[in-house]
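Colleague: To start, I am sharing the structure in question, which I have written as structure tokens.
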Amino acid sequence: MTYCKKVFPVLCFLILTVALPCTIVKHDAPFSSVARAATPDTGVQLPATVAVLPFTIHASEDVSHIQQGVVHMLHSRLAWPDRVRVIPRRQIAAVLQNLTGADKNQVIHQVADQTSSNLVLTGSITRLAGSFSIDATVYDMKNKQYMTFFEQSKDSDELIDKVARIAAGINKQVFDRSTTAWEKIEQERQARINELKRKNPEYLMQTPQWQNQEESPGWKIWKYLF
């Protein structure tokens, strides 16, 4: 019985990462001849190519199934016909085989160079006392900048939703692409704003700029590219 309890959540996670509806294209499909244009306020040129590296795991037990599920979800949710191409995982694995011992910045540079990617996505998954923290970073190689994303779940049952939120944030803030998941995030944000207005009207009137603060830190300069 104990074995079943451990295996059942794993099977559910892997099944749901494949079964959940999303916009999916073949990762190795070539771009059509669309005009290149920078997304507003980001400088990222579309069409773009993204290399998703395996996430680093910080856990006292084997959670490799979660690592695989997270990367699979990011692949399927970031791929965008004619605009965003995600490098196939087998191609990433082949490049990483020859980079054993290289530091993080060398890996990012080499992966970007050998896969002709202008964006590289890295991340980590940390498990502590049953909860999970997911950190993701998108490196813009051309513009020498990066953007970070973070979500936390109380247990493995929330992981799928949290990864979907990270993907939605990347789609919107990097590629200016609105998705159903992003619309849900915006609705939740607006609900929080309305609740704050109701609870703290005096404070909000004294700080009129509070509502304009971005939840994401936005692009930052990546000094290691200089």
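Colleague: Find the residue count for segment 160-184, including only residues that are surrounded by 20 or more Cβ atoms within 10 Å (Cβ to Cβ) and among the acidic types (Asp, Glu).
Modeller: Number of matching residues: 0.
Colleague: Here's a follow-up. Taking the residues in segment 169-183 that are closer than 21 Å to residue 44 by Cα and assigned to a helix (DSSP H, G or I) as candidates, determine which candidate is modelled with the lowest pLDDT.
Modeller: For segment 169-183, the residue satisfying everything is 182.
Colleague: Please count how many residues of segment 57-101 are among the charged types (D, E, K, R), surrounded by 14 or more Cβ atoms within 10 Å (Cβ to Cβ) and either over 18 Å from the mean Cα position of the chain (by Cα) or within 23 Å of residue 159 (Cβ to Cβ) (or both).
Modeller: Adding up the residues that qualify gives 3.
Colleague: Could you tell me which residue of segment 144-168 is modelled with the lowest pLDDT, considering only residues that are more than 13 Å from residue 73 (Cβ to Cβ) and assigned to a helix (DSSP H, G or I)?
Modeller: That would be 156.
Colleague: Any idea which of (1) over 23 Å from residue 142 (Cα atoms); (2) of a type in the set (Gly, Ala, Ser); (3) without any contact (Cβ under 8 Å) to a residue 12 or more places away in the chain is the one residue 102 doesn't satisfy?
Modeller: Going through the list (1) over 23 Å from residue 142 (Cα atoms); (2) of a type in the set (Gly, Ala, Ser); (3) without any contact (Cβ under 8 Å) to a residue 12 or more places away in the chain, residue 102 breaks only (1).
Colleague: Consider segment 102-133. How many of its residues are within 15 Å of residue 159 (Cα to Cα) and of a type outside the set (A, V, I, L, M, F, W, C)?
Modeller: 7
Colleague: Only one of 85, 90 is at negative phi and assigned to a strand (DSSP E or B); which?
Modeller: 85
Colleague: Same structure again: Suppose the filter is modelled with pLDDT under 90, under 26 Å from residue 58 (Cβ atoms) and charged (D, E, K, R); does residue 186 pass it?
Modeller: For residue 186, the condition - modelled with pLDDT under 90, under 26 Å from residue 58 (Cβ atoms) and charged (D, E, K, R) - is not met.
Colleague: Also, I was wondering about something else. Residue by residue through segment 189-224, note down the ones that are closer than 25 Å to residue 109 by Cα and modelled with pLDDT under 70.
Modeller: Correct list: 216, 217, 223, 224.
Colleague: I've got another one for you. Mind checking which residues of segment 106-148 are over 19 Å from the mean Cα position of the chain (by Cα) and of a type in the set (A, V, I, L, M)?
Modeller: 128, 129 - these are the residues of segment 106-148 that are over 19 Å from the mean Cα position of the chain (by Cα) and of a type in the set (A, V, I, L, M).
The values are calculated or read from the model by the stated rules, or taken from the named source; none is laboratory data. Please read all numbers here as calculations on a predicted model, not as lab measurements. Here Cβ is always computed from backbone atoms with ideal geometry, including for glycine, and neighbour counts include all displayed protein chains.
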